[in-house]
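Right, I'll just put the structure down here and ask away after.
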Amino acid sequence: MGRISGRFARVEPRRQAKAMLFGLLSDLPRKNCWSIAEWAGQTSPDGMQHLLGRARWDADRVRDDVCEYVLEHLHDEDAVLVVDETGDVKKGTHTVGVQRQYTGTAGRIENAQVAVYLVYAGRRGHAAVDRELYIPRSWTCDPDRCRAAGLGENTVFATKPELAARMISRFFDAGHHVGWVTGDEVYGGNPTLRSALQERGIGYVLAIACSHEVTSGAGKFRADALAAKVPKRAWQKLSAGSGAKGHRFYDWAVIDLAEVRPGSHQLLIRRNRTTGELAYYRCFSPAPVPLATLVRVAGSRWRVEETFQAGKGLAGLDEHQVRRYTSWSRWVTLAMLAHAFLAVVRADEHVRHPTPDGLIPLTCNEIQRLFTMLVVRPVHDVAHRLAWSAWRRRHQARARAGHYRRQAASQT
């Protein structure tokens, strides 16, 4: 809180932000302004809602503080920036950026809100350092709808790779440094993003589709057609990093590509040792690097899934019940800070207190549990709980009466 306290114009929103962070770090089964306010001992959610919607503070400045905090504590010379999107399934049509679109969270097309995140992944840990909300064309073509959701009148459509490039540029323009960027096919198939990284001299290992065309010394081929020409002796068994069940071993092969731009350009191929399934990556580095380095960077992409899982499961990243853009950006920024806190404590504990034999190292889940039990003191007295029960029922009665009035008016 000391890092972000200067971002608030008044002490009241600063105290509310601290209460919200405690709530986001709590073991509440559902985290929103109502549940956190009740848990924190407040008499109504008005203060929490004011913090997200109307209080004077800049969520982008806090986002920059989160980035500085993560890099200070999780710094790693071999760290990788991972870019990926995640979706939150929503109801209705008024939540900013919502429309029917594919989201990996549901694994299908759903009414959802999608955001692109930038994750810093190193050996000490990983956490999100930036975020951009994806605003579909159905929104940018409707200025009135954008205005109602708190978006600027000049909001223009930006693809997910363009949002990724925006965050990556912001990261490096702030003076930070990493040597590599990785992402899935959405980003690997975008030539503009790849060119922007090459111009900055940043290496990348970006997934591409099997139909993606590349140029080798023998000509232009689809990635899968070129992979079929790889001789058996060219495959190497290497680990893409450790997972919950040990090292993730795959067979890997690499092919040099013919590019007019300077640097080392390669096609990296991954083969599942059990199923034989292939995956493809387009790679660039300012100077040639060993195959093991490319494999390590490719394996870092799994860290973003762990970040999303922990951010949503432990810090309420996806549980916001807000409609306007300002409220969304403030909620996810505080959730990013809450998760970053857990990641930093985990990394520091692993250094300060080596794990005794017979125990696994402290996880973010266990740190959250201990923090809630030993540090935070939520209000649980009976009078407080009964008062909140009455408040909820009164609010729901007003909402129901308003619904009935609108229904009656529409029928006349």
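Return the lysines within reach of LYS160: Cα separation strictly under 19 angstrom, same-chain partners fewer than 8 residues apart disregarded; answer none if there are no such residues.
Result set, ordered by chain and number: empty.
On to the next question. Note the full-extension length gain between LEU291 and LEU370 as 0.36 nm times their separation in residues minus their Cα-Cα distance, in nm to one decimal.
Details: separation 79, 0.36 × 79 = 28.44 nm, distance 4.13 nm.
Residue separation times 0.36 nm, minus the Cα-Cα distance, leaves 24.3 nm.
For the chain, build the charge dipole from Cβ charges (+1 Lys, Arg; -1 Asp, Glu) around the Cα centre, then report which of ALA240, ALA55, LEU359 sits farthest towards its positive end.
Comparing the listed Cα positions along the dipole, ALA55 ranks first.
Give me the percent of the accessible area of the chain that comes from carbon and sulfur atoms, probe 1.4 Å, all protein chains in place.
Roughly 50 percent of what the probe reaches on the chain is carbon or sulfur.
From the phi angles alone, apply the Karplus equation (6.51, -1.76, 1.60; θ = phi - 60°) to segment 138-143 and give each ³J(HN,Hα) in whole Hz, x where the residue is Gly or Pro.
My calculation for segment 138-143 gives 4, 8, 5, 7, 10, x Hz in order.
What list of ³J(HN,Hα) values in whole Hz, one per residue of segment 206-215 in order, does the Karplus curve 6.51 cos²θ - 1.76 cosθ + 1.60 (θ = phi - 60°) give from phi, with Gly and Pro shown as x?
10, 5, 9, 6, 5, 8, 5, 9, 10, 10
Moving on to the next point. Excluding residues on the same chain fewer than 8 positions from LYS90, give the aspartates and glutamates whose Cα lies under 18 Å from its Cα.
Hits, sequence-local ones excluded: GLU110, GLU132, ASP318, GLU319.
Additional query: Between the DSSP loop rule and a limit of at most 13 other Cβ atoms within 10 Å, which GluC sites (Glu not before Pro) in segment 277-311 are left?
Details: sites: GLU277, GLU305, GLU306; in loops: GLU277.
Filter output for segment 277-311: GLU277.
If you don't mind, another one. So what are the ³J(HN,Hα) numbers for segment 268-276, from phi and the Karplus equation (6.51, -1.76, 1.60; θ = phi - 60°), rounded to whole Hz, Gly and Pro as x?
Per-residue couplings from phi come out as 9, 10, 10, 10, 5, 6, 9, 9, x Hz.
Give the accessible area for LYS220 in Å² (nearest 10); use a 1.4 Å probe, count only protein heavy atoms, and leave out ligands, DNA and RNA.
Using a 1.4 Å probe on the heavy atoms, I get roughly 140 Å².
Taking the Cα atoms only, what angle lies between the long axis of helix 59-74 and the longest principal axis of the chain, rounded to 10 degrees?
Between helix and principal axis, roughly 50 degrees.
How about LYS245: which lysines have a C-alpha closer than 26 Å to its C-alpha, ignoring those fewer than 8 places off in the same chain?
Cross-link targets: LYS237, LYS312.
Which peptide among 182-188, 256-262 comes first, and what is the full order, when sorted by highest mean count of other Cβ atoms within 10 Å? Can you show the working numbers first?
Numbers: 182-188: 23.0, 256-262: 11.6.
The packing order, highest mean first, is 182-188, 256-262.
I'd like to check one number: the per residue accessible area of segment 322-383, probe 1.4 Å, reported in Å² as a whole number.
Numbers: 3480 Å² over 62 residues.
Per-residue accessible area for segment 322-383 comes out at 56 Å².
Suppose every Lys and Arg Cβ carries +1 and every Asp and Glu Cβ carries -1, with no other charges. What dipole size does the chain come out with about its Cα centre, to the nearest 20 debye?
On the way: 59 positive and 42 negative charges, 266 e Å.
In total the dipole reaches around 1280 debye.
Here's something else I'd like to know. Tally Lys and Arg at +1 and Asp and Glu at -1 over the other residues with C-beta under 13 Å from the C-beta of ARG346: what net charge comes out? All intermediate terms of the calculation are to be shown ahead of the outcome.
Numbers: positive: ARG123, ARG124, ARG352, ARG369; negative: GLU306, ASP348, GLU349, GLU366.
In short, 0.
Sticking with this structure for a sec: Could you order THR43, THR293, THR307 so the one with the most accessible surface comes first? Probe is 1.4 Å. Each step should come with its number before you reach the end.
Details: THR43 115, THR293 35, THR307 5 Å².
Of THR43, THR293, THR307, the descending order of accessible area is THR43, THR293, THR307.
Put LEU386, LEU28 in order of accessible area, largest first, 1.4 Å probe: what do you get?
Values: LEU386 115, LEU28 35 Å².
If we order LEU386, LEU28 from most to least accessible, we get LEU386, LEU28.
The values are calculated or read from the model by the stated rules, or taken from the named source; none is laboratory data. What you see is a predicted model; the values in this text were computed from it and never measured. Ideal geometry is used to build each Cβ from the backbone, glycine not excepted, and the neighbour counts take in all protein chains shown. For the accessible areas, the whole protein counts, side chains as well, though only heavy atoms, and no ligand, DNA or RNA atoms are used. Shrake-Rupley method; radii C 1.70, N 1.55, O 1.52, S 1.80 Å.
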